[in-house]
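Working notes, structure below.
The values are calculated or read from the model by the stated rules, or taken from the named source; none is laboratory data. As the structure is a computational prediction, the values presented were derived from the model and not from experiment. Every residue, glycine among them, receives a Cβ derived from its backbone with ideal geometry; neighbour counts consider all protein chains shown. We work out accessible area using only protein heavy atoms, side chains counted, and drop any ligands, DNA or RNA first. Shrake-Rupley method; radii C 1.70, N 1.55, O 1.52, S 1.80 Å.
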Amino acid sequence: MHRLKRLLPFLKPLLILALFGVALRVLQDTLTHYRYRDVMHYLRSIPSDQIALSILLTILGYLTMTGYDALAFRYIRHRLAYRRIALASFIGYAFNNNVGLSGVVGGSLRYRLYNAWRLSAVEIAKVIAFCTISFWLGFVVLGGTVFIFMPPDVPPSVRLPIHSVRLIGLLMIIPAAAYLLWIAIRREPLRLRQWEFELPQPGLFIAQTLISSIDWILAAAVLYILLPDRLPIGFHHFLGIFLLAQIAGVVSNLPGGLGIFEAVILVFLAQFYPAGAILGSLVAFRAIYYLLPLGLATLLLAIHELLERREGVARVARVFGRWAPGIAPHLLSFTIFVGGAVMLLSGATPALVHRLHFVPLPIVEVSHFFGSLAGAALLVLARGLQRRLDAAYQLTAVVLGASIFFQIFKGFDYEEAVIAAILLLGLVASRRHFYRKATLVNESFGPGWLLAIGLVLLSSMWLGFFSYKHVEYSSDLWWHFSLRGDAPRFLRASIGVFSVLMLVAIRRLLRPAAPDQNPPAIDEIERAHAIVTTDPNSQANLALLGDKPFLFSESGRSFVMYGVEGRSWIAMGDPVGADDEKSELLWKFRELVDLHAGWTVFYEVQRANIHLYLDLGLTLLKIGEEARVDLKEFSLEGGSRKWMRKMMRRVEAENCGFEIVRDASPLLPELRTISDSWLSEKKAREKGFSLGFFAEDYVKRFPIAVVKREGRIVAFSNLWESAGREELSVDLMRHALDAPSGVMDYMFSQLMIWGQQEGYRWFNLGMAPLSGLENRSLGTLWNRVGALAYRFGEDYYNFQGLRQYKEKFDPVWEPTYLASPGGLALPRILTNLAALIAGGLRGVVAK
């Protein structure tokens, strides 16, 4: 079962890779009688007036998409300049069309822009929801209508379980009809907790459907225009084929339906047009309708960000200097990966013959072979660059430097040489960001990386075999060397690439297995105990609870304690131990998590270490504030401490006294009785992970603060002490049912007095969850939601009461953070965290 859980995250990428492979196979079969040169010839021969008209239709299509947002602002009754609406809409849809129609990326960009223009989180949520519904509403209405009344003929080669697409049309019409009926009948607004969503009027429904339908018709028209002039089918027939291909692309979950969309179009149109012309039209369609708007949207977004901060343009260099350590490795990793893909695809296509005569044949052969190997190496090294590895930096610099010469001498491919040179300059300029000395061969590759590498390799192999399909393959071909011998060079390079990647895969398979995630053994707890005594953070004592596995540094001077719930691998606090080992230990933990295809999470991390988590590429969320009392300034004197003096006199009047017991072993039975009765009275059960629970081996490791009344213990708490007497804190806090009122206030006050006498610097009162989050219009969505939960969530958790209780001791409040992946994974991570602390999901909803 454990192995199956580890494999589950890889199943989706494998399925996507299989679908992509099927699409390439369909393309190969459809293009049986056509060559690479036929596709390139048609691409170069598309008349300029057709290209101009397709660009014009693309512009009209993206202008139509702005109607979604314009209608949405009419729906929420919020006035905003159309130029701003159009900017947000264009940028959002340009990105969505290229990375998939899920709306996640486009929605995030819309949120960023609309938030800057003073829209509230609820208003932005309504706009995004309205646009998403509008986008698909027209699709199902238009598609349903076309499939029912003008269904495209399904080619005999396509084996569908149905003989006509009319059934698909009926299924598409149903949700649109249901939506119209719902908004026509329902009068009252839709309420989700404290938020209220007004349903649109039927007239708005018509406008939504009309705009979306025009959008899809214009998108189909762009491709229709790029097809050959002589059109044996009308546009209404082509529209049904286009919409079917879009459905297949969406179902595949590939970015932009890449490969799947093309395969469907080819299969349906192969009986009407030359397949080479169809593929050439599809390449032009991708460039005009997808890539051109994406480039323009990226430029507009950059210009907008600069203009929004025009008062700080003079400080751009300093700002970039602060953020570059987090951005540069990820940006370089992406560009190096793309550069490797370009080199592999270049090696799979024929060289330009007129360029080959400038280079001797042996140099051409060697350069082509090693140029393809360099491309494959860059795919692998990109992962090491993302991890900031010094070895990856050095190897990438060598590979890029050599690639410049390989690309020149393999066929005077100066375009690829220029790309490699630009990448090398960018890499050298970022040298300081690659500081880690970890072993490159131990780098892990998650499902996303494996999928990306697989897609590039499949594309390269398909392109090569398609380019040389006219060649008769035989064993002699491997040893054929000539200036026009592109196919043999492709085959030899492909074998070299797969051999290198297989060696990398075998090396990873033969490495030591990842440690089991079991609770630590006694000797591991003792090792951790020795390190805890050197750490200035009292929270490090949670390691001695024995419920969290450890990951030790190479030297054994530091460790990370963590728990696993679902896909979330959650480290408790910052690394414990030597400061100079924290960065590398965090990376080591990240790599362990990646081996299991999990999510790396750090809970309750401190502000001083924020830069370490940004280096990991994690998102930081403020989850509350920690209260620490400055014991050097602590005093019982003054008007603000009157309540404390009065409380202490009242408790002591009931014959209560305070003391510290260093050896708790004789007291364990009595402490157990108090703990059990306290849990019973609270109708609660023990928590864990970030909170201690009553376990005798754990409790007896610490001094115990007790309050006695007439010789009998009525309250107790175990003490956490840190190295250098930097911090004192408590964990378990339990009292008997007949303890006097205010006994815990009395214990805290006495502990602060005792800690001050013993020379401790701080007394840590612990964290107040969601404290310090502000619900401001320019704040993040997390801050707004957290602030609302803090304000209105008293029935679930005593957020404000806990803050007020600690506030009376006049502490210094310090922010505490959660470092984790962001996006759609965050809600599941928070659920896993709550389950880990509560001992399961049942404990989350029950006390």
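Which pairs turn up if I take residues in the stretch 646-663 that are within 18 Å of Leu636 (Cα to Cα) and look for partners that are surrounded by 12 or more Cβ atoms within 10 Å (Cβ to Cβ) and polar (S, T, N, Q) with beta carbon separation below 8 Å, at least 6 apart in sequence or on another chain?
These pairs meet every condition: Met647/Ser749; Met648/Ser749; Met648/Gln750; Phe658/Gln750.
Return only the number of the condition from (1) more than 29 Å from the chain's Cα centre (by Cα); (2) buried (at least 17 other Cβ atoms within 10 Å of the Cβ) that Tyr414 does not satisfy.
(2)
Quick one: which residue in Phe702, Phe693, Phe689, Phe716 is in contact (Cβ under 8 Å) with a residue 60 or more places away in the chain, out of contact with any Asp or Glu (no Cβ under 7 Å at 6 or more places or on another chain) and not aliphatic (A, V, I, L, M)?
After ruling out the rest, the residue left standing is Phe702.
Residues of the stretch 710-724 being at pLDDT below 90 and touching a Cys at 6+ places or on another chain (Cβ under 9 Å), which ones?
Within the stretch 710-724, just Glu710 meets the criteria.
In this structure, is Thr349 at pLDDT below 85, assigned to a helix (DSSP H, G or I), of a type in the set (Ser, Thr, Tyr) and open to solvent by 10 Å² or more (accessible area, probe 1.4 Å)?
It is false that Thr349 is at pLDDT below 85, assigned to a helix (DSSP H, G or I), of a type in the set (Ser, Thr, Tyr) and open to solvent by 10 Å² or more (accessible area, probe 1.4 Å).
If you check Gly107, Gly103, which single one turns out to be at pLDDT below 75, at positive phi, under 25 Å from the mean Cα position of the chain (by Cα) and not hydrophobic (A, V, I, L, M, F, W, C)?
Gly103
In the list Ser690, Ser640, which residue meets the criterion of being open to solvent by less than 30 Å² (accessible area, probe 1.4 Å) and of a type in the set (Ser, Thr, Tyr)?
Details: Ser640 fails: open to solvent by less than 30 Å² (accessible area, probe 1.4 Å).
One residue alone meets the criteria, Ser690.
Determine the pairs where a residue that is touching a residue at least 24 places away in the same chain (Cβ under 8 Å), located within the stretch 720-745, has a partner that is open to solvent by 20 Å² or more (accessible area, probe 1.4 Å) and among the polar types (S, T, N, Q) with Cβ atoms under 7 Å apart, the partner being 6 or more residues away or on another chain.
Hits for this filter: Ser722/Asn537; Ala723/Thr533; Ala723/Thr534; Glu727/Asn537; Ala736/Ser677; Leu737/Ser677.
Among the residues of the stretch 366-377, write down those that are out of contact with any Ser or Thr (no Cβ under 7 Å at 6 or more places or on another chain) and either open to solvent by 20 Å² or more (accessible area, probe 1.4 Å) or at pLDDT 85 or above (or both).
Of everything in the stretch 366-377, those that are out of contact with any Ser or Thr (no Cβ under 7 Å at 6 or more places or on another chain) and either open to solvent by 20 Å² or more (accessible area, probe 1.4 Å) or at pLDDT 85 or above (or both) turn out to be Val366, Phe369, Phe370, Ser372, Leu373, Gly375, Ala376, Ala377.
Given the conditions (1) assigned to a loop (DSSP other than H, G, I, E, B); (2) over 24 Å from Gly577 (Cβ atoms), which single one is not true for Leu691?
Just one mismatch for Leu691, condition (2).
So Trp782 ticks every box in (1) at pLDDT 85 or above; (2) within 28 Å of Tyr562 (Cβ to Cβ); (3) of a type outside the set (A, V, I, L, M); (4) assigned to a helix (DSSP H, G or I) but one. Which box is left unticked?
(1)
Does Leu719 satisfy being in a strand (DSSP E or B), on the phi < 0 side of the Ramachandran plot, in contact with a Gly (Cβ under 7 Å, 6 or more places away or on another chain) and open to solvent by less than 20 Å² (accessible area, probe 1.4 Å)?
Taking the combined requirement at face value, the residue does not satisfy it.
Of the conditions (1) surrounded by 23 or more Cβ atoms within 10 Å (Cβ to Cβ); (2) in contact with a Phe, Trp or Tyr (Cβ under 7 Å, 6 or more places away or on another chain), Arg567 satisfies every one except a single condition; which number is it?
(1)
Every residue in the stretch 613-627 that is at pLDDT 85 or above and surrounded by fewer than 20 Cβ atoms within 10 Å (Cβ to Cβ), please.
none
Counting only residues that are charged (D, E, K, R) and assigned to a helix (DSSP H, G or I), which one in the stretch 56-99 is farthest from Phe130 (Cα to Cα)? Give the steps one after another, and end with the answer.
To start, the set of residues in the stretch 56-99 that are charged (D, E, K, R) comprises 69, 74, 77, 79, 83-84.
Applying the additional criterion that residues be assigned to a helix (DSSP H, G or I) yields 69, 74, 83-84.
Numbers: Asp69: 8, Arg74: 11, Arg83: 19, Arg84: 17 Å.
If we take residues in the stretch 56-99 being charged (D, E, K, R) and assigned to a helix (DSSP H, G or I), then Arg83 is farthest from Phe130 (Cα to Cα).
Please state which one of Leu53, Leu24 is at pLDDT 85 or above and in a helix (DSSP H, G or I).
The conditions single out Leu53.
Can you give me the number of residues within the stretch 35-88 that are in contact (Cβ under 8 Å) with a residue 60 or more places away in the chain, within 16 Å of Leu119 (Cβ to Cβ) and open to solvent by 50 Å² or more (accessible area, probe 1.4 Å)?
Qualifying residue count, the stretch 35-88: 1.
Go through the stretch 586-612 and report how many residues are open to solvent by 20 Å² or more (accessible area, probe 1.4 Å) and polar (S, T, N, Q).
Residues flagged as open to solvent by 20 Å² or more (accessible area, probe 1.4 Å) and polar (S, T, N, Q) within the stretch 586-612 amount to 2.
Looking at (1) open to solvent by 30 Å² or more (accessible area, probe 1.4 Å); (2) hydroxyl-bearing (Ser, Thr, Tyr); (3) assigned to a helix (DSSP H, G or I), can you tell me which one Ser635 breaks?
(3)
Is it the case that Val122 is part of a helix (DSSP H, G or I), at pLDDT below 65, of a type in the set (A, V, I, L, M, F, W, C) and more than 25 Å from Leu210 (Cβ to Cβ)?
Here the answer is no, as Val122 does not meet what is asked.
Quick one: in the stretch 453-467, of everything that is open to solvent by less than 30 Å² (accessible area, probe 1.4 Å) and small (Gly, Ala, Ser), which residue is farthest from Pro488 (Cα to Cα)?
Gly454
Considering each residue of the stretch 722-746, count those that are of a type in the set (Asp, Glu) and open to solvent by less than 50 Å² (accessible area, probe 1.4 Å), and give that number.
Step one: filter the stretch 722-746 for residues of a type in the set (Asp, Glu), giving 726-727, 731, 738, 745.
Checking the rest, the ones that are also open to solvent by less than 50 Å² (accessible area, probe 1.4 Å) come to 727, 731, 745.
The qualifying residues number 3.
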